Amino acid sequence: MDHDTHHANHDRHAGHSVAMFRDKFWLSSLLSIPVILWSHDPQEWLGYEAPAFVGSMYLPAILGTLVFFYGGLVFIRGAIPELRDRRPG
């Protein structure tokens, strides 16, 4: 990798920090727990029934969407220019 390519790759990740990724990872992981617990298949596989409350049937979809966008948006934003330049990865 030449100096210009290395510098371009570095600039592409400007503003990203290890702490940001760590925080996103832990919050996404915590939000994933109720997604799994209230999802139908794990309940069936493990033979339990999650507590029901008003709106509990929507909990996996709502929290799953939050996890996807909060934890994954940085990767989607990074993928768009890579795909546009036909240089994924």
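The values are calculated or read from the model by the stated rules, or taken from the named source; none is laboratory data. What you see is a predicted model; the values in this text were computed from it and never measured. Here Cβ is always computed from backbone atoms with ideal geometry, including for glycine, and neighbour counts include all displayed protein chains. Just the protein is used for accessible areas: all its heavy atoms, side chains included, with ligands, DNA and RNA removed. Shrake-Rupley method; radii C 1.70, N 1.55, O 1.52, S 1.80 Å.
Just to check I understand the Karplus step: with θ = phi - 60° and J = 6.51 cos²θ - 1.76 cosθ + 1.60, what whole-Hz values come out for segment 23-32, glycine and proline as x?
Running phi through 6.51 cos²θ - 1.76 cosθ + 1.60 with θ = phi - 60° gives 5, 4, 4, 5, 5, 4, 5, 5, 5, 6 Hz.
Given a 1.4 Å probe and the protein chains all in place, what does the accessible area of residue 54 round to, in Å² to the nearest 10?
So the heavy atoms of residue 54 present about 150 Å² to solvent.
Along the Cα-to-C-beta direction of residue 17, a point sits 7 Å from the Cα; which residues of segment 43-76 have their amide N less than 20 Å from that point?
The answer is 70-75, whose backbone nitrogens lie closer than 20 Å to the label point.
When the solvent-accessible surface of protein heavy atoms is calculated with a 1.4 angstrom probe, in what order do 44, 49 fall, highest first?
49, 44
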